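Every number in this text was worked out from the coordinates using simple rules, so none of it is lab data. None of these values were measured; they are calculated from a predicted model. Glycine also receives a Cβ, built like all others from the backbone with ideal geometry; neighbour counts cover every protein chain displayed.
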């Protein structure tokens, strides 16, 4: 037990103590020291420049030291020398981490190119900062590596471009991408609700203002001018929704169709998606509402004429669920 | 914290594109290396390096061009690209009818632009490696004008002669790799292949 502890301590000491001055441990120590100094400088409220300079030195030494350590210890998973990638990653975190907000995007896009620079600079610039010309073999390697890092950078950029699409058209994320030849969604993630659901909810509220709790004859009159009401409802919906998703909004088309159901009507509200979709004929979301006349005898005054108590008022009740159907509502109606 | 957001919700990732493009690149590099080796009488290793460099260059420049053009396309056409990338199909809008023409014209343009990039890339690479087709070392001052003219003409002819097989080899290599890629794309777009 004691022997094991002593062995571990000796190993640890060997790891921490640089074998000579010119070693990776020295660089890490400089980085640590510089970082502590920057903390100290901040504590004694030195100028911004001093703190920044010390922090920058610390980051650069950290990138150098970690890269050196990985290279010196021959850390090569699958035979890939990862030292420049790790160093480049540290440099990118340092360069873009202070931006705040959406710093990850530029950092990831630039990362392969910075890593290429980490590899290229030592073979292109000599110790006295003069340019040198490496061997043709090295030049070939560098050209290959540059093209490769440009490709990696493009892939990252493509990833962020897809995220921008989904940001512009949030309903795309609610669709299935399993037939895509380009993208893959790791299963188990929560998928966003289609924006059509919001459209239907808002439309229901607008409809409620028009036909809920109104005298029944006025509702009947309202239903006479169907096309005009559709236009009006679309306009109102558009003015409410266009702020939240201006690009996606024109691709949603609201529609509704009443059909008689006993004394009242069944109103079918449709949000029809006319944008890119996984199913060949697009899809629509359907919300079913019941518009029924109810007698409100209780409201009638005591001494009212007999006909008054039979005045009927409208009542609108809508289902909560909005089932998703493939195709177009008008076409399926026509065929069915 | 944005990092946590990204790690918990990576969203839709272009993993299939990365995997498939790696495969296509390997096929293209091997095929083009074979052509370059035969046509230009290069070594196995050298031809692989040349083919890999020019193909990676063409691919990454193609990505840069796509990303730049996609950002400035009209929204309707952009939606068709989104539809193709995410759902592997085009959808009904005002561009639907002209899309086949657009795709074919783009593919033909891509072929010739890729050819030009590969040829230029090969010339740049040779210059970078110090293997210049035409020697441009400073020459001794020549007093005889006719001699200089003769030399220039000879150099021009030699230059053409040195240039031509390379251009032909790159053209052939590009044609073969494009054919292979097209075949693979058609194969993959058959429903049921590779479980997609």
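Once both labels are positioned 7 Å from their Cα atoms along Cα-to-Cβ, the gap between residue A:47 and residue A:186 label points is 4.6 nm. For chain A, the 222 nm mean residue ellipticity estimated from helices alone, with every DSSP H stretch of n ≥ 4 adding -39500 (n - 2.57) and the total spread over all residues, rounds to -18000 deg cm²/dmol.
You can think of it this way: the chain between residue A:232 and residue A:56 has 57.3 nm of extra reach, that is 0.36 nm per residue less the Cα-Cα gap.
Semi-axes of the equivalent ellipsoid for segment A:1-99, computed as √(5λ) from the eigenvalues of its C-alpha gyration tensor and ordered from largest down, come to 29, 21, 11 Å. Translational diffusion of segment A:14-170 was estimated from the Stokes-Einstein equation, with Rh taken as the Kirkwood radius over Cα pairs; at 25 °C and 0.890 mPa s the coefficient is 138 µm²/s.
Against the main long axis of the alpha-carbon atoms of chain A, helix A:24-43 sits at an angle near 60°. Against chain A, whose longest principal axis comes from its Cα atoms, helix A:2-16 is set at around 90 degrees. Each residue in A:22, B:178 was given a count of other beta-carbon atoms within 10 angstrom of its own, and listing them fewest first yields A:22, B:178.
Applying a 10 Å radius around every beta-carbon, put B:115-122, B:19-26 in order of their mean neighbour count, most first. Walk me through the numbers on the way to the answer.
Details: B:115-122: 18.8, B:19-26: 14.9.
Most protected by this proxy first, the peptides run B:115-122, B:19-26.
With neighbours defined as other Cβ atoms within 10 Å of a residue's Cβ, the residues A:182, A:33 order from fewest to most as A:33, A:182.
Would you mind calculating the relative contact order of chain A from Cα pairs under 8 angstrom and at least 6 residues apart, reporting the percent as a whole number?
10 percent
Partner shielding of A:139-146 amounts to 5, given as the average count of beta-carbon atoms from other chains within 10 Å of each residue beta-carbon.
Angle of helix A:83-97 to the longest C-alpha principal axis of chain A, folded into 0 to 90 degrees and rounded to 10: 60°.
Strictly greater than 41 Å: what percent of every Cα pair in the protein assembly as shown meets that?
49 percent
Panel order for A:330, B:78, by other beta carbons found within 10 Å of each beta carbon, from fewest to most: A:330, B:78.
Would you mind getting me the FRET efficiency between residue B:183 and residue A:164? Use the beta-carbon distance for r and R0 = 30 Å, nearest 0.05.
Values: r = 33 Å, r/R0 = 1.09.
Calculated transfer efficiency: 0.40.
Springs between Cα atoms under 10 Å define the GNM used for chain A, and in it the highest mean-square fluctuation of A:163, A:140, A:105 occurs at A:140.
Would you mind telling me which residue in A:285, A:40, A:95 has the biggest mean-square fluctuation in a Gaussian network model of chain A, where springs connect alpha carbons within a distance under 10 angstrom? Highest fluctuation among the options: A:40.
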